[in-house]
Amino acid sequence: MSALRPDLAAIAEMIADGARVLDIGCGDGALLEYLSRTKHVDGRGIELSQQNVNACVARGLSVVQGDADADLAEYPSHVFDVVILSQTIQATRSPKKVLADLLRIGRHTIVSFPNFGHWRVRLSLLVNGHMPRTRALGYNWYDTPNIHLCTIADFVALARSSGAVIERALALSELGATHPMRPDAWGPNLLAEGAIFLLRAV
Amino acid sequence: MAELGSPKFLRRLEAPGVDQGRAITFDRPLVLDSGRELSPLTIAYMTYGTLNAGKSNVVLVCHALTGDQFVTGRHPVTGKSGWWETMVGPGKPIDTDRFFVICANVIGGCMGTTGPAETDPATGKPFGLSFPVVTIRDMVRAQAMLLDALGIHEILCVTGGSMGGMQVLQWAASYPERVISALPIATAARHSAQNIAFHEVGRQAIMADPDWKGGNYQLEGTQPSKGLAVARMAAHITYLSEAALQRKFGRSLQNRNGLSFAFGPDFQIESYLHHQGMTFVDRFDANSYLYITRAMDYFDLAADYGNVLAEAFIGTKTRFGIVSFTSDWLFPTSENKRIAHALNAAGANVSFVEIETDRGHDAFLLDEPELFAAVRGFLNSAAASRGIK
């Protein structure tokens, strides 16, 4: 098996051995497989792409075809130790509702997303006058699935207004390294390409 | 308590030399959902592969409406291949080199298990319509009696498509402690109004045949072949899809250059359906068709649990894998997804796969590589969880 992507490895590091985990937007199941192999988690996934779901089931994972906007409401409360939403919240129709569902379903919630406050994004819009296209955000404005992009500061504000406690915050650098950050600091909001938050409902 | 023997078949055997499986007769009655009792009860079944020492490698296959216990290999009655030859066998997704596969003919059936064509010991005549109406749950109870008699408690995986999938769901709801994993394919937790409607068309076709004789055709020496063939033709359309019919047949004519301006089979699709009807009456009993379609119509799993499907699965440890097909309009993805949602709500361990195909409901019987990969992966993972190599 190839090495886990650095941001996924950082997420995996936050998860306790044997936890019940729901990975929303689990892709081809790389993280879930890693977690069940190394941390013996009881893992479940939700994935939009049917091809990815089939790949997950073929590798023995428990994954349901569905999407975060429509299907999370069906899940009972507090059934998972950790709910993961990796690089997906910016593509949901109702990020606020999705986050509320995550906080309800899991005792802990991990959210990672690309930072629209990164200096390259800001500079690109300022200098070029076009919607930014960067390495992390490579789409045109008219075909991007990322319909609700936010900055780190934006996400922190949403998390707090949703009644979440921020237990950990990590900045993702351009090289894939992760560094602990203070959620309110202005530096990471300018310099981090993405962020990972570990949240807990109050 | 139970006596083991060879099954008796209604029809002449096309392949008398092949394995005919076993039949077990119970001296205690099966109490049915209707309140009536079925006694004596005989269950005809086939097994494939070898039961391991721990009796932990059992895969129970549940057959569909017109299926039977001859899952794979040559069928003794028809002489053709078993209905799930693509799925079950050495090295196949349900690998008989690893797993001990059991399939039993359902009660009400006509391949050796007690059904309306059998002789009623009380009268010495065939049951006909005096046979009690049975349900999916009755079928599952009968299978549980069979497994008990075989000394098998735990089922590694119970699987089947269509009506087989209904039995899978019933197994998981009725005997959660016995079912390690459940793999219902192209099914529903309730039979829809549209599906009941199609079944009623089939039943009315059978009963409208003068040779049906009020269900007493065996005594009268007739066969309601025309009615049964029409029932099969109508049903067969529901197993396919518009796209598949168009691709396979279109408006192609059958052995002619132009329209006949008469009512013979001008079109290939017509002669295909005729063929489906004709071959079916050679192997199936008309009254069995009435009883088994009725059992499907009566199936509504949530009804036994206050109309909340999730309640059927609360606290279950069973792993579930649910499969649907995009072009299946008889048991559409929405019905299968409803099961997945209920299982999620019950906190169960569930996977759900929708497979892209234009072959309609019948896709579960056909060569569908994505289906095979999903079944293989699901079964491997269940086997690994029980330490089965």
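The values are calculated or read from the model by the stated rules, or taken from the named source; none is laboratory data. This is a predicted model, so every value here is computed, not measured. Methodologically, a virtual Cβ is constructed for each residue, glycine included, from the backbone with ideal geometry; neighbour enumeration extends over all protein chains shown.
Quick notes
- Out of B:A310, B:A303, sole residue that is more than 16 Å from the chain's Cα centre (by Cα), over 30 Å from B:S225 (Cα atoms), within 12 Å of chain A (Cβ to nearest Cβ) and assigned to a helix (DSSP H, G or I): B:A310
- Consider the range B:336-371 and keep the residues that are polar (S, T, N, Q) and not in a helix (DSSP H, G or I). The one that is farthest from the other protein chains (Cβ to nearest Cβ) is B:T357.
- Residue tally, condition crowded, with 18+ Cβ neighbours inside 10 Å and more than 19 Å from A:L172 (Cα to Cα), over the range A:101-131: 6
- Taken as a whole, the range B:247-258 holds at least one residue that is surrounded by fewer than 16 Cβ atoms within 10 Å (Cβ to Cβ), small (G, A, S), at pLDDT below 95 and over 21 Å from the mean Cα position of the chain (by Cα).
- Top-ranked residue of the range A:108-140 - restricted to ones that are touching a Lys or Arg at 6+ places or on another chain (Cβ under 9 Å) and at pLDDT below 95, ranked as farthest from A:V83 (Cα to Cα): A:S124
- Residue check for B:G165: on the phi > 0 side of the Ramachandran plot and within 14 Å of the chain's Cα centre (by Cα): no
- Members of the range B:56-87 found to be polar (S, T, N, Q), part of a loop (DSSP other than H, G, I, E, B) and more than 15 Å from the chain's Cα centre (by Cα), listed by number: B:S56, B:N57, B:T78, B:T86
- Looking only at the range A:56-86, and only at residues there that are touching a residue at least 40 places away in the same chain (Cβ under 8 Å) and part of a strand (DSSP E or B), the one that is nearest to the other protein chains (Cβ to nearest Cβ): A:F80
- Looking only at the range A:36-55, and only at residues there that are assigned to a strand (DSSP E or B) and more than 8 Å from chain B (Cβ to nearest Cβ), the one that is surrounded by the fewest Cβ atoms within 10 Å (Cβ to Cβ): A:I46
Listed here are the residues, each with its yes/no results for (1) surrounded by 18 or more Cβ atoms within 10 Å (Cβ to Cβ); (2) hydroxyl-bearing (S, T, Y); (3) without any contact (Cβ under 8 Å) to a residue 40 or more places away in the chain.
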| residue | (1), (2), (3) |
| --- | --- |
| B:P16 | no, no, no |
| B:T25 | no, yes, yes |
| B:T47 | yes, yes, no |
| B:L60 | yes, no, no |
| B:T72 | yes, yes, yes |
| B:S81 | no, yes, yes |
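- A:D143 vs. criteria more than 27 Å from A:E13 (Cβ to Cβ) and not β-branched (V, I, T): yes
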